[in-house]
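Down below is the structure, laid out as structure tokens.
Where a number appears in this text, it was derived from the coordinates with a stated rule and is not lab data. Treat the numbers as computed from the prediction; the structure is a model and nothing was measured. Neighbour counts are summed over all protein chains in view; Cβ atoms, including those assigned to glycine, are modelled from backbone coordinates with ideal geometry.
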Amino acid sequence: MELTVRDVASLLGLPEQAVYRMAQSGQLPAYQVDSQTRFNNADLLDWVIANKPEMALRVHSQLAGCVHGQPQIVEALAAGGVFHGIAGSDRLAVIRAVANLLPVPKTIDRETVFQMMWTREAEASTAIGDGIAIPHASYPIVFQIDRPIVTLCFLEHPVDFGAGDGKHVSTLFALVCPTARQHLSMLAQLASALGNEAFKGAVLEHAPRERILSLLAAAIVSSTTAVPGEDKGIER
């Protein structure tokens, strides 16, 4: 889906000129169509997740309809599981280990999952700061499964993912979904939840599974009941 400068300005709560300047300077992912600046909705959501995660759920809701009625991330994480002590000395090894760990049907080719995740990671780090990364494909990993799966992995040793804040990654969320729309919904819900201090703190502390699920549910309720338009400007 193509978005215009006006569309993005409305989504982000910024003046159109500010969005245009950010696109021209490379701060926002954009491309040109007949000399007109355009944005891809998936690329824009990726940018929001990396730069303004507390806006992710609202932006996704406006892009693809409200997340109510969509599969919820609490159920997806409960299905995907929480794993500790994931080995790997670099990004490549960690991504491969995570791809092999995902609880997906035997009919799914794990090498394909790994290649899709690694291609995206090689293009740009999926680290979002504070030692957390959300490895995913440039195009959503969509397979014939009954429901979205989100897997939380705690690494045995922190690994350099090239994060913008310079912190090595010790925590990863990986996801596999049956549709592209659900993939974007999971990303948006996760990014929004990580803006909640209690949930993020539990993740960084490698808290027990049940505590993480409980705080995730509370974070999602909090984010969906927040008053729209409370986000402050993005341009820095």
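A Gaussian network model of the chain, with springs between Cα atoms under 10 Å, assigns the largest mean-square fluctuation among Ala207, Ala174, Ala127 to Ala207.
Electrostatic tally near Arg96: other residues with Cβ closer than 15 Å to its Cβ, Lys and Arg +1, Asp and Glu -1, net -2. Could you let me know the centre-to-centre spacing of the range 198-221 and the range 1-19, using Cα atoms, in angstrom? Between the Cα centre of the range 198-221 and that of the range 1-19, the gap is 33 Å. Tell me the net charge near Pro29. Cut-off is 9 Å between Cβ atoms, Pro29 excluded, with +1 for each Lys or Arg and -1 for each Asp or Glu. So the surrounding residues net to -2.
By DSSP, the beta bridges lying fully in the chain are antiparallel in about 70 percent of cases.
In a shell of Cβ-Cβ distance under 14 Å around Leu215, excluding Leu215 itself, what net charge do Lys and Arg (+1) and Asp and Glu (-1) give? Taking every other residue near Leu215 into account, the sum is 0.
I want to verify a result. In a Gaussian network model of the chain, Cα cutoff 10 Å, which of these has the top mean-square fluctuation: Ile145, Ile49, Ile132? Result for the chain, Cα springs under 10 Å: Ile145 fluctuates most.
For the chain, the dipole from Cβ point charges (+1 on Lys and Arg, -1 on Asp and Glu) about the Cα centre works out to 220 debye, to the nearest 20.
From the coordinates of this entry, Rg/Rh (Cα atoms, Kirkwood Rh) is computed, and it appears in (i) 0.95; (ii) 0.97; (iii) 1.23 under the label (i).
If a/c stays under 1.5 just call it rounded; otherwise compare a/b with b/c (prolate if a/b is bigger, oblate if not). Do that for the range 2-51, with a ≥ b ≥ c from the square roots of the Cα gyration tensor eigenvalues. Since a/c stays below 1.5, the shape of the range 2-51 is classed as rounded.
Take the Cβ atoms of Ser222 and Arg147, set R0 to 25 Å, and the FRET efficiency comes out at 0.60.
Of all the options Ser35, Ser25, Ser185, the one that moves most in a Gaussian network model of the chain with Cα springs shorter than 10 angstrom is Ser35.
Residue order for Asp165, Asp43, fewest other beta carbons within 10 angstrom first, comes to Asp165, Asp43. Taking amide H positions as modeled 1.01 Å from N, with prolines and chain starts lacking one, no residue 5 or more places away or on another chain lies under 5 Å from Gly195. Loop-located trypsin sites (Lys or Arg not before Pro) in the range 86-163 (DSSP state not H, G, I, E or B) with no more than 11 neighbouring Cβ atoms inside 10 Å: Lys106.
Counting lysine pairs in the chain that sit 8 or more residues apart in sequence, or on different chains, and whose Cα atoms lie under 22 Å apart gives 5.
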